[in-house]
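Here is the structure we will look at.
The values are calculated or read from the model by the stated rules, or taken from the named source; none is laboratory data. Keep in mind that what you see is a predicted model, and the values were worked out from it rather than measured. All Cβ positions, glycine included, derive from the backbone under ideal geometry; neighbour counts span all protein chains shown. Ligands, DNA and RNA are excluded from the accessible area calculation, which covers all protein heavy atoms including side chains. Shrake-Rupley method; radii C 1.70, N 1.55, O 1.52, S 1.80 Å.
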Amino acid sequence: VHPYQGFFGDDTGLNGVRLLCDTGTDTVTSSVGPYGDWKAPVWCPRGERLVSFRLRVEASRGLWDDTAATDMAVRCSWGKVLDGQGLYRGNWGYWSDVCDPACGVCGIRSRVD
């Protein structure tokens, strides 16, 4: 996440997503932009899987600085919601389709500007 850069700065918002497997050693990472820092990992409770996600997105601001995606939240197989600790700009979108709890999310695809 790239924090607010002030009135004249270029804000880029959410610049990458990394999924950690329950072992903590295997990862899946989206394309990653050059700005910002990784936040501390958040974990589903032991024995649960990530089954759905949603993004917080700031709508186009016309001539003003656009950030697009600013945060991501995920839902674990028994309903716990984990916040990605991103920015508070924008509105939450709809939750993705839910994976079967026996399966969970196993990959990621992203588009980076």
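See the values below:
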item: List 29, 70, ordered by accessible area with a 1.4 Å probe, largest first; result: 29, 70
item: Simple label model, 7 Å out from Cα along Cβ direction - residue 80 to residue 27, nm; result: 2.1 nm
item: Difference of contour (0.36 nm per residue) and Cα-Cα distance, residue 38 to residue 96; result: 18.6 nm
